[in-house]
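Q: Before I ask anything, let me first share the structure, which is written out below as structure tokens.
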Amino acid sequence: MAPMSTLSPARALASSLYAFANGITVSDGDDDAAHLRKSIAVLAALAIVPAATAWGLVYLWVGEYTAAVIPLLYPVITAVNFAVYRVWHRYHPFEFIQLLLALLLPPLLMFALGGFVSSSAVVIWSLITPLGAIVYSTRRMAYFWFVVFMGTVIFGALIDSSISDVNNVPSWAKTILFAGNLLGPSAIAFALLAYFVNQNEISYKLLNFERNRSETLLENVLPAKIAARLKDGTQMVADRFDQVSVLFADMVGSTEMASKLSPEDMVALLNEVFSEFDSITVRHGVEKISTSGDNYLVASGVPEPRSDHAQALVRVALEMRDYLEERRGKLDVVLQMRFGINTGPAVAGVVGQRNFHYDIWGDAVNTASRMESHGEPGRVQISEATFELVKDEFECEPRGDIDIKGKGLMRTWFVERR
């Protein structure tokens with residue numbers, strides 16, 4: 001906001017009014033929507049004060065002293081109401097009193113001046129009450145105030161012929177006051193509604209920004225298809241897949257590396273390596289499942305089944321291996337990883353309520369982990385199930401039968417190149 005000295009008088013006054021409205025309501029501890037409604041109620045009360053004062057002075061000038069007292073009551077009672085609200089912070093009595101004043105004083109002034117025509121239709125000011133209630137009160141109270149407004153107007157029409165229409169207001173002043181009675185409530189209602197709509201637009205923009213940011217975060221954490229299902233209201237995401245391929249990659253010698261590098265350098269290194277791995281998985285259309293310490297887990301064929309899941313994952317593993325070989329020459333520490341791949345049925349889904357993530361389970365996953373842990377640094381070891389799917393595309397070196405913990409003897413291969 002610009003300094004007050006650089007603003008025009010009108011903008012400076014508006015800024016002061018907004019600051020007052022926000023200041024008197026902010027201490028209530030409401031959410032943004034409730035605070036906005038209360039601020040508009042305060043602004044509505046302030047907007048009527050100069051009009052009520054002007055009308056009272058006009059009637060004093062023309063000698064209608066009884067009529068003059070009625071609008072001049074508004075700024076006096078409003079000032080007291082503000083003081084009480086500022087001390088006790090009880091909004092609902094404040095709102096009720098302001099709406100009641102805006103509703104009753106115009107009909108009283110109309111009766112004092114001799115009816116609809118003689119008062120220049122001053123009762124139109126009462127319309128501010130139901131309009132204001134729509135904006136800053138509850139829907140139920142808005143209906144109540146509108147019914148009361150309608151009843152007041154109908155009552156005035158019924159007794160209009162029985163009221164003496166003689167007063168001291170000259171005809172030219174009646175014409176001016178009639179125009180003011182049309183323009184004044186319209187201007188105040190328009191300004192309040194415009195302010196309300198503007199603030200709502202700002203709120204919606206912020207809401208859309210936060211929603212887009214949340215959706216982007218969700219899509220970064222979960223596969224796009226899974227994120228879409230959750231946004232559509234799916235309560236539980238769980239799928240069974242007949243054939244998927246799973247890759248485990250684990251850094252070799254990470255404990256020794258951590259002792260040589262500072263914590264900042266170690267984290268920066270892992271971030272660099274895994275960021276490159278993320279890019280590789282995106283390029284090949286496979287799904288990163290998780291990282292745990294220096295362990296990286298990828299699956300192919302989930303959540304979207306694909307016929308070349310094994311081939312795609314082997315290509316990923318070879319590209320990761322080649323990247324590490326190239327990157328290792330630029331470090332003072334040995335940077336190697338073991339890679340293990342297996343193929344088989346699995347179950348995948350979203351778990352957790354906080355920090356939830358898309359995960360995968362099954363014997364295929366456990367065997368892939370064994371392929372990695374029983375592998376060799378810098379090499380990609382695959383199970384027989386994976387070999388049968390990729391043997392026509394990749395050159396593989398048979399390793400023979402090895403004793404896999406929990407699985408017994410298994411025939412495995414090392415993938416050399418395409």
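Q: For the chain, take the longest principal axis of its alpha carbons; what is the angle in degrees between that and the long axis of helix 65-88, to the nearest 10 within 0 to 90?
A: It is inclined by approximately 30 degrees.
Q: Would you mind counting up the charge near Gln311? Only other residues with Cβ under 11 Å from its Cβ, with Lys and Arg at +1 and Asp and Glu at -1.
A: It works out to a net charge of +1.
Q: On to the next question. Find how many whole Å separate the alpha carbon centroid of segment 258-312 from the alpha carbon centroid of segment 148-217.
A: Segment 148-217 and segment 258-312 have Cα centres separated by 61 Å.
Q: What number comes out for the charge environment of Phe111, summing +1 per Lys or Arg and -1 per Asp or Glu over other residues with Cβ under 13 Å away? Walk me through the numbers before you get to the answer.
A: Details: positive: none; negative: Glu64, Asp160, Asp165.
With Lys, Arg at +1 and Asp, Glu at -1, the neighbours total -3.
Q: Separate question: Just one of (i) 116, 46, 35; (ii) 67, 62, 43; (iii) 69, 50, 45 is Cα extents along the principal axes in Å calculated from these coordinates, so which is it?
A: Recomputing Cα extents along the principal axes in Å here picks out (i).
Q: Sequence neighbours fewer than 8 away in the same chain don't count; with that in mind, list the lysines whose C-alpha is under 19 Å from Lys225.
A: Qualifying lysines at Cα under 19 Å: Lys288.
Q: Related question: Go through 374-385, 88-99, 390-401 and give me the packing order, highest mean Cβ count within 10 Å leading.
A: 374-385, 88-99, 390-401
Q: Separate question: In nm, to one decimal, how far is the Glu304 label point from the Glu397 one, both placed 7 Å along Cα→Cβ?
A: 3.6 nm
Q: To continue, here is another question. Given charges of +1 on the Cβ of Lys and Arg and -1 on the Cβ of Asp and Glu, with all other atoms neutral, how large is the dipole of the chain about its Cα centre, in debye to the nearest 20?
A: 1500 debye
Q: Using a Förster radius of 25 Å, what is the FRET efficiency between Ile159 and Leu17 based on their Cβ-Cβ separation? Nearest 0.05, please.
A: 0.10
Q: Please report the antiparallel percentage of the DSSP beta bridges confined to the chain, to the nearest 5.
A: Of all bridge pairs located within the chain, approximately 95 percent are antiparallel.
Q: Now for a different question. Determine, from the Cβ-Cβ distance of Lys260 and Glu201 and an R0 of 56 Å, the FRET efficiency 1/(1 + (r/R0)^6), rounded to the nearest 0.05.
A: After rounding to 0.05, the efficiency reads 0.50.
Q: Please state the charge dipole magnitude for segment 228-417, taken about the Cα centre, from unit charges on C-beta atoms (+1 on K and R, -1 on D and E), reported in debye and rounded to the nearest 20.
A: Details: 22 positive and 32 negative charges, 72 e Å.
Here segment 228-417 has a charge dipole of around 340 debye.
Q: So, with +1 on the Cβ of K and R and -1 on the Cβ of D and E, and no other charges, what is the size of the charge dipole of segment 4-214 about its Cα centre, to the nearest 20 debye?
A: Dipole about the Cα centre, nearest 20: 380 debye.
Q: Could you put Thr367, Thr255 in order, starting from the residue whose Cβ has the fewest other Cβ atoms within 10 Å? Walk me through the numbers on the way to the answer.
A: Values: Thr367 23, Thr255 8.
Result, fewest neighbours first: Thr255, Thr367.
Q: Full-extension gain between Glu384 and Arg417, please, as 0.36 nm times their residue separation minus the C-alpha to C-alpha distance.
A: Contour length minus the Cα-Cα distance gives 10.2 nm.
Q: Starting with the fewest neighbours, write out Asp30, Asp160 ranked by other beta-carbon atoms found within 10 Å of each beta-carbon.
A: Asp30, Asp160
Q: Next question. Once R0 is set to 60 Å, what does the formula 1/(1 + (r/R0)^6) return for the Cβ-Cβ distance between Phe178 and Arg213, expressed as a FRET efficiency to the nearest 0.05?
A: 0.70
Every number in this text was worked out from the coordinates using simple rules, so none of it is lab data. In this text, all values refer to a predicted model and were calculated from it rather than measured experimentally. Heads up, the Cβs are rebuilt from the backbone with ideal geometry, glycines too, and the neighbour counts pull from every protein chain shown.
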